[in-house]
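Values quoted throughout were computed directly from the atomic coordinates according to the rules given, and no laboratory measurement underlies them. All values reported here derive from a predicted model rather than from experimental measurement. With ideal geometry, Cβ positions are generated from the backbone for all residues, glycine too; neighbour counts draw on all protein chains shown.
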Amino acid sequence: MSRRILIVTAVQAEADAIGRPNGTFVVAGGIGRTNAAAATTAAILSDGPFNWVISAGIAGAFPESNLSIGDIVIANRCVYAEEGLETPDGFQNMAQMGFKLGNFTGNDVPVDPWMLERLSAIGTVAPIATVATCSGTNEQANLIKERTGCVCEAMEGAAVVHAANRVGAPAIEVRAISNTTGNRNTQEWDIPLALQNLDAAIEKSINALWNE
């Protein structure tokens, strides 16, 4: 059986930027964690099997992340930013609460180590936060950055990788920086550049996985 890659984006513009490379199945699954997990699971069950799964799209860089708009980030872990408990003493993640989200510890969904090794030269290797509420204030951006230790945020990656993990499919998240986070009226954006660079990064990722 030939090798195949499932690529899950949030919106059609991201899917269109990537196109339909040979050996891939590209899905625009919708925005947010529920859409991402459902679309990933449905694609694997109805159109799989797939050798690898990539969550792909654009992301917002946190303050002092040393990222520029257009940069590529390869996740070494995908972090659920909001699953947990707010207490008078601060935020507790799932591990601190004594619960598990899956076959991993706390809120950090692991990416596939082999995929990470193959893709590590394509961009900055760092953790990526998965949020339900994007950071449109300086306070929120700094809060999520400090809570997760991540360099950027998006809304689907952890859910895609989590869903793939549940059915034993190796997965990773690849993002192109489209904007800064923080106060909404001072954010900087360049979505066309991010989509262009995302396309190039996915092409490199496919080649890196094929040429094992």
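Couple of notes before you dig in:
- Here the scattering of the stretch 118-167 is modelled by Debye summation over its C-alpha atoms, one equal scatterer each and no solvent; at q = 0.15, 0.22 Å⁻¹ the log10 of I(q)/I(0) is -0.48, -0.87.
- Highest mean packing first, where packing is the average number of other Cβ atoms within 10 Å per residue, the peptides 79-85, 65-71, 124-130 line up as 124-130, 79-85, 65-71.
- The calculated P(r) of the chain, using every Cα pair and 10 Å bins from 0, goes 9, 38, 37, 14, 2, 0 in percent.
- Rounded Å value of the spacing that divides the Cα centres of the stretch 165-212 and the stretch 73-87: 17
- Here the extension length gained between TRP114 and THR186 equals 22.0 nm, from 0.36 nm per residue of separation less the Cα-Cα distance.
- Loop-resident GluC sites (Glu not before Pro) (DSSP state other than H, G, I, E or B) in the stretch 136-184 with no more than 15 further Cβ atoms inside 10 Å of their Cβ are absent.
- Counting DSSP beta bridges with both ends in the chain, the antiparallel % (nearest 5): 30
- Average Cα contact separation per residue, the chain, under 8 Å, 6 or more apart, as relative contact order %: 30
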